[in-house]
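What follows draws every value from the coordinates through simple rules; no lab data is involved. Computed from a predicted structure; not experimentally measured. All Cβ positions, glycine included, derive from the backbone under ideal geometry; neighbour counts span all protein chains shown.
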Amino acid sequence: RHPGAPCCSPGGGAAFSPPRGSGGHLQIYFILPVIKMSAPSMEERKACWGARDEYWKCLDENMEDASRCQKLRCSFESRCPQQWVKYFDKRRDFLKYKEQLQAAEYQPPGATEKS
């Protein structure tokens, strides 16, 4: 999840009490969904890229204020595989960093001639 981006799924938790006569122990069982492992289709990829582009455009127009782009973030997360979301978040961070370096005409140490 991108820093500052709200969770798109409803949050909150529930309080559970152990059943009487259980010695104070509560057993919890998890039911895991079946995960689709096939690669996204061309239509799914296009939907993902479109949602990503809309979200990124919103961030650009709102000076990186993720709170103003919450609905688009949720759409992005729901249309793209989780690993893709992580990759695209890191990619955007890198591209923004690269823009800043280029705007400042950054030169790495040792790139200038010594006198």
Exercise. Give the residue that is farthest from GLU99 (Cα to Cα), with candidates limited to residues of the range 59-89 that are assigned to a helix (DSSP H, G or I) and touching a Lys or Arg at 6+ places or on another chain (Cβ under 7 Å).
Key: PHE76
Exercise. Show the residue pairs that are 6+ apart or on different chains and have beta-carbon atoms under 8 Å apart, the first residue being within the range 48-71 and among the aromatic types (Phe, Trp, Tyr), the second being in a helix (DSSP H, G or I).
Key: TYR55/CYS69; TYR55/LEU72; TYR55/ARG73; TYR55/SER75; TYR55/PHE76; TRP56/ARG92
Quiz item: Which of the residues spanning the range 60-83 are surrounded by 13 or more Cβ atoms within 10 Å (Cβ to Cβ), touching a helix residue (DSSP H, G or I) at 6+ places or on another chain (Cβ under 6 Å) and of a type outside the set (D, E, K, R)?
Solution: CYS69, LEU72, SER75, PHE76, CYS80
